[in-house]
Amino acid sequence: MNVLAQLKQAFHSALQGMVADPTPYLELIRPSQDAKFGDYQANCAMPLAKELGQKPRDIAQGIVERLDVSQWCDTPEIAGPGFINLRLRDEWIAQALGTVFADAQLGIVPTAEPKTVVVDYSSPNVAKPMHVGHIRSTVIGDSISRVLRFLGHRVVSDNHLGDWGTQFGMIIYGYKHFRNDEAYQVAPVAELARLYRLVRAVIDYHAAVLGVPAQEAALAKLVEQRTVAEQLAASTDAAEAKKGAADLKRLGSRIEASEEGLRATREKIALTEDSPEALARAQAHPNIATSVLDETAALHAGDAENRKLWEEFLPYCREDIQRVYKRLNIEFDEELGESFYQPWLGEVVEEFQAKGLARESDGAQCVFLDGFDTPMIIRKRDGAFLYATTDLATIRYRMKQWQPDAILYVVDHRQGEHFHKLFAAARAWGYDHVDLRHVAFGTVMGSDGRPFKTRDGDTVGLEGLLDRAVEKARSVVDENLEKSKDLVFSGEERQRIANVVGIGSLKYADLSQNRASDYTFSYDKMLELKGNTAPYLLYPYARVNGIFAKGDIDTEAFRATTPTISLDTPEERQLALKLLQFENALLDVTVDYLPNLLANYLYDLTSSFGQFYEKCKVLEAETETAKQTRLALCDVMRRTVRQGLELLGIEVVERM
Ligand code: ARG
């Protein structure tokens, strides 16, 4: 059901003859922010007036005279400088709601122009535990895939695993030097994770020790500059004093950050030096960073031992992340990791050379691109290929395999430069008809306004995060169930609810934010029962189930009826209108790949339901028609929320 599209069509006809290309003006027809301006508002008269050199109100008048929306709307009204306000007819809304009610697809028809879209998301570097940073790519990419698919597009979801990088050099090194055979036999995944952390710690320790002098020098320099600024600030010359004060302010925060950094480095050093065992290990492996690179290089060069270890480790690493995906209810069509593309990397570089797109610089093969200060390196001086080379080979493979119209990369915004270059290189290579898109997202922040870390400064592990969310959800569930006397839940059912609520809240907290911004992580906030949270959206669903149960109404039987619908209160009308906007919300998501637009829609919808439920009795409605109308509203709301949440990758609970 897409009434907005129909209204736009009507405007298109009306504008034809007034302007050469009506299309851009159609974007100015939108749902009204305020009910007193009708349900939809068209703001196209103002820019059109400018273009045609006439008065906006006259233009609006001209449009209205040519506009035929009588099928859907009351007579359009012109307001203010030239807004055209459209109010849908109540009978039309009622009839449209009836159509949606009767359709298992909620009135949504698959797109007439299906596209093929490859969605590259999650894509963690395996062999190290997944951390909080992976949650965003995973849930955002999953939701985008679901929405596109639901609208009738062909989606290939591909988990571009980092299964060929330095982290394997790290566990190979760890395995050769630090492994505990018994532990490896019993629980290989856990042992590999331990080895990864251990090697990481030794590398970090040496880097920290090496880094201290430079950090100290930088801090000393800032302190020196502060002394100068202090003198300047004390100057009798007003302009100088002002500059001094500004410098002081700027330096103050830089000094703070620098001290903080130094403190963190010293803490990292202490972590090793406080443990005789860790210190001995670090001292015994002074060149670990280089050795790890050597192990990685040997793997890439086909060294038999390292290759064998890699083949042995990889299934364990995959198993490890599968556990997380299972808990998150995520599945991929493809999981072609970086290693998959290794056989073609040499070829790709040769092709770039042959086409004159790459040339040697300082021994490396570089692609020089217009508009970039630095080239994209595709083969290092020592012959090694890079992340970018693999990404080029991946594009070639995907184009050949699936002929996509678009490839979406749901990846941290910090890789923006990489993707800009990659896309430019791909276009130069000849892939200029595919929409290559970096669907970037911001950082997960802690409540202190810094990137979310554990207390000792480590990144937060994803599994622990999930456990904690479920645990917290369980206590919220328990607390609320104590209050409601009439519902009895077994411990098992409580745990199931806690699972859905915990994981759902975690996903929703992320998806309800505009992906481009950083977002602040808070268990308490995401589990709140009020506000834009998953529990707030889950309640109305369970509540409607409760209404049907209480009224002893069989859902399937009711759905087979044709209820009489008459919208007689503003709350009923508002809820119905919102329900009819579901398809628009989904289409909005696909414009810039913003799942938060769907989340916001669901939030608005459940808020409208809240207002409706407060004002309108359902089972004890005044008339039979009112009862049927309200049950239909409740049911369509329940189905829309369920479907909408499913498209966000979130499950519902039948009662809570
Ligand atoms: N493995 C990479 C990382 O963890 C992300 C890969 C994203 N996808 C891609 N085709 N480059 O940073």
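Rule-based calculations on the coordinates, nothing more; no lab input. Fair warning: this is a prediction, and the values are worked out from it, not measured in the lab. Glycine also receives a Cβ, built like all others from the backbone with ideal geometry; neighbour counts cover every protein chain displayed.
Placing +1 on the Cβ of each Lys and Arg and -1 on the Cβ of each Asp and Glu in region 1-55, which of Pro24, Val3, Ala14 has its Cα farthest towards the positive end of the resulting dipole?
So the residue furthest toward the plus end is Ala14.
Residue-wise, which Karplus ³J(HN,Hα) couplings in Hz belong to region 531-538, taking 6.51 cos²θ - 1.76 cosθ + 1.60, θ = phi - 60°, and x for glycine or proline?
Whole-Hz 3J(HN,Hα) from phi for region 531-538: x, 7, 10, 4, x, 4, 7, 6.
Note down the nm distance, to one decimal, between modelled labels 7 Å out along Cα→Cβ at Glu311 and at Val488.
Result: 5.9 nm between the two label points.
Within a Cβ distance under 10 Å of Phe340, other residues only, what is the Lys/Arg minus Asp/Glu net charge?
Once all neighbours under 10 Å are counted, the net charge is -4.
Determine the equivalent ellipsoid of region 73-182 by diagonalising the alpha-carbon gyration tensor, then write out the semi-axes as square roots of 5 times the eigenvalues, largest first, rounded to whole Å.
That gives 53, 17, 13 Å for the three semi-axes.
Once the Cα gyration tensor of region 540-607 is diagonalised, what are the square roots of 5 times its eigenvalues, in whole Å and ordered largest first, as equivalent ellipsoid semi-axes?
Values for region 540-607, descending: 27, 15, 12 Å.
Quote the FRET efficiency, to the nearest 0.05, computed for His12 versus Lys115 with a Förster distance R0 of 25 Å and r equal to the Cβ-Cβ distance.
Result of the calculation: an efficiency of 0.65.
State the answer as a single residue: which of Val641, Thr625, Val652 lies farthest towards the positive end of the charge dipole of region 611-654, with beta carbon charges of +1 for Lys and Arg and -1 for Asp and Glu, about the Cα centre.
Working it through, the farthest residue towards the positive pole turns out to be Thr625.
How much length, in nm to one decimal, is gained on full extension between Arg263 and Glu471, taken as 0.36 nm per residue of separation minus their Cα-Cα distance?
Stretched fully, the Arg263-Glu471 segment lengthens by 71.6 nm.
Where in region 478-519 is the amide nitrogen less than 15 Å from a point lying 7 Å along the Cα-to-Cβ axis of Arg414?
Inside the label zone: 518-519.
What ranking do Phe332, Phe612, Phe150 get, fewest neighbouring Cβ atoms within 10 angstrom at the top?
Phe150, Phe332, Phe612
Can you compute the helix-only [θ] at 222 nm over the chain? Use -39500 (n - 2.57) per DSSP H run of at least 4 residues, normalise by all residues, nearest 500 deg cm²/dmol.
-19500 deg cm²/dmol
How big is region 588-656 by Rg and Dmax over its Cα atoms, in Å?
Spelled out, the Cα radius of gyration and Dmax of region 588-656 are 14.3, 45 Å.
Taking the Cα centre of the chain as the origin and placing charges on Cβ (Lys, Arg +1; Asp, Glu -1), which of Pro110, Gln33, Thr290 is farthest toward the positive end of the dipole?
Gln33
In nm, to one decimal, how far is the modelled label at Phe178 from the one at Phe372, with both set 7 Å along Cα→Cβ?
Going from the Phe178 label point to the Phe372 one covers 3.5 nm.
Read phi for every residue in region 517-528 and hand back ³J(HN,Hα) as whole Hz from Karplus 6.51 cos²θ - 1.76 cosθ + 1.60, θ = phi - 60°, with x for Gly and Pro.
In residue order, the calculated couplings are 8, 5, 9, 8, 8, 8, 4, 5, 5, 5, 9, 4 Hz.
What is the spread of the Cα atoms of the chain along each of their three principal axes, largest first, in whole Å?
84, 69, 68
Counting only the backbone N, which residues of region 597-615 are under 17 Å from the spot 7 Å out from the Cα of Glu646 toward its beta-carbon?
Counting backbone N atoms under 17 Å from the label point, the list is 599, 602.
For Thr562 and Asn514, calculate 0.36 nm times their separation in residues minus their Cα-Cα distance, and state this gained length in nm to one decimal.
Gain on extension, Thr562 to Asn514, equals 13.3 nm.
Size of the dipole of region 19-139 about the Cα centre, Lys and Arg at +1 and Asp and Glu at -1 on the beta carbon, nothing else charged, in debye to 20?
That gives a dipole near 520 debye.
Mind checking the dipole of the chain: about its Cα centre, +1 per Lys or Arg Cβ, -1 per Asp or Glu Cβ, Debye to the nearest 20?
600 debye
How do 389-396, 621-628 rank on mean C-beta neighbours within 10 Å, highest first?
Per-residue mean Cβ counts within 10 Å order the peptides as 389-396, 621-628.
Under unit Cβ charges (Lys, Arg +1; Asp, Glu -1), what dipole magnitude, rounded to 20 debye, does region 110-181 have relative to its Cα centre?
80 debye
So if R0 is 51 Å, what FRET efficiency would Ala20 and Asp604 give, r being the distance between their Cβ atoms, rounded to the nearest 0.05?
0.90
Rounded, prolate or oblate for region 481-528? Axes are the square roots of the Cα gyration tensor eigenvalues, ordered a ≥ b ≥ c, and the cut-off for rounded is a/c under 1.5.
Note, shape of region 481-528 comes out prolate.
Under a point spin-label approximation (7 Å from Cα along Cα-to-Cβ), what is the Ala5-Lys243 distance to one decimal in nm?
In this crude spin-label approximation the distance works out to 6.2 nm.
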